[in-house]
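Everything on this sheet refers to the single structure shown next.
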Amino acid sequence: MSFKQHWENVYSTKKLNEVSWYQPNPATSLNFIGELGIPKDAAIIDIGGGDSFLVEHLLANGFTNITVLDISDEALNRAKERLGEKAVQVKWIASDITTFIPSEKYDCWHDRAAFHFLTTEEQINSYLSVSETALKDGGKLVIGTFSEAGPDKCSGLSVRQYSETSLTTVLKKVVRKIKCIYTDHITPFNKVQNFLFCSFKKCQYTNGYT
């Protein structure tokens, strides 16, 4: 089964609150984005956003230029259906992030729990290359991954765990660290997952992939 087929199957067979990443109030992501001080018309892209609730919170907070990218068409369709008429205020992209070709530059790149599913150096390098191309100089990146104390599998797939040091090292070709925290996510099944959340800034002096 391909990566895309896997996620289409997940979103076709699981209800909104039957997946471990279910989070009606994405407070950590919202706090990190709020601390960046970006304007309400900033171009924000949510990587692996699926049918998460971040998009409606961003809309409610007055952000007007939001893109949601996910590998699963089913996930995006669920989010659109939930948003109803507000869905037209959002740009929706169905794509594998490792092969995504950005058509615009973004002020803010957000990723909660997508990056850690990339477990090979080829996948990770592709992700870094895409993010380097997509982010404006001075653009911000917010990323949440499983920490070294977090799960080593999710949704039947292996994941890559990170410490603050290892994540900062992996991303240093593209961005520089602003802040990192560790935080627990409680799943709908009352299991605790420890996450590492970090914010970064793309600086002109980074020696990246483009």
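Since every read-out is calculated from the coordinates, none of them should be taken as a lab result. All figures in this text were calculated on a predicted structure; none of them were measured in a lab. Cβ: placed from backbone, ideal geometry, glycine included. Neighbour counts: every protein chain shown.
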As a percent rounded to 5, the proportion of antiparallel DSSP bridges among beta bridges in segment 3-201 is 50
Apply the Karplus curve 6.51 cos²θ - 1.76 cosθ + 1.60, θ = phi - 60°, to the phi angles in segment 115-129 and return the couplings in whole Hz, x for Gly and Pro. 4, 6, 7, 8, 10, 9, 4, 4, 4, 5, 5, 5, 4, 5, 5
In sequence order, calculated HN-Hα J values of segment 9-23 (Karplus, 6.51, -1.76, 1.60; Hz; x Gly/Pro): 5, 4, 6, 7, 10, 10, 6, 3, 9, 10, 10, 5, 8, 3, 7
What distance in nm separates the two pseudo spin-label positions at residue 64 and residue 133, each 7 Å out from Cα along the beta-carbon direction? 2.9
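Using the Cα centre as the reference, give the magnitude of the dipole from point charges on the C-beta atoms of the chain (Lys, Arg: +1; Asp, Glu: -1; all else neutral), rounded to the nearest 20 debye.
400
So what's the back-of-envelope 222 nm ellipticity for the chain, counting only DSSP H runs of four-plus at -39500 (n - 2.57) apiece and dividing by all residues, rounded to 500? Intermediate results must be reported in sequence, preceding the final value.
Numbers: 6 runs with 60 residues, N = 210.
Computed mean residue ellipticity for the chain: -8500 deg cm²/dmol.
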Relative contact order, percent, of the chain when contacts are C-alpha pairs under 8 Å separated by at least 6 residues? 19
In straight Cα distance, which lysines are under 22 Å from residue 179, not counting same-chain residues fewer than 8 positions off? 40, 136, 140, 201, 202
In Hz, Karplus ³J(HN,Hα) per residue of segment 79-94 (6.51, -1.76, 1.60; θ = phi - 60°; x = Gly, Pro): 5, 4, 5, 5, 6, x, 4, 6, 4, 6, 7, 10, 8, 10, 10, 9
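Give the shape of the chain as rounded, prolate or oblate, defined through the alpha-carbon gyration tensor: a ≥ b ≥ c are the square roots of its eigenvalues, a/c under 1.5 means rounded, and otherwise the shape is prolate if a/b is larger than b/c and oblate if not. Mind dumping the intermediate values first?
On the way: a/c = 1.34, a/b = 1.11, b/c = 1.20.
It is rounded, given that a/c, with a ≥ b ≥ c, falls under 1.5.
Within segment 139-173, which trypsin sites (Lys or Arg not before Pro) sit in a loop by DSSP and count at most 16 neighbouring Cβ atoms inside 10 Å? Please report the intermediate quantities before stating the final value.
Working: sites: 140, 153, 160, 172, 173; in loops: 160, 172, 173.
Answer in residue order: 172, 173.
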For the pair residue 35/residue 6, report the inter-label distance in nm, with labels modelled 7 Å from Cα in the Cβ direction. 3.1
Lone cysteines in the chain, defined as no other cysteine's Cβ under 4.7 Å from theirs: which are they? 108, 154, 203
Check residue 65: other-chain or 5+ apart residues with amide H under 5 Å from its amide H, H built from backbone geometry? 44
Mind listing the long-range amide H neighbours of residue 179? Cut-off is under 5 Å, sequence gap 5 or more, other chains count too, H placed in the peptide plane at 1.01 Å from N. 199
Select from segment 87-181 those chymotrypsin sites (Phe, Trp or Tyr not before Pro) which occupy a DSSP coil region and have at most 15 other Cβ atoms within 10 Å, ordered by residue number. none
Selection from 21, 5, 54, by position along the positive dipole direction of segment 1-59 (Cβ): 5
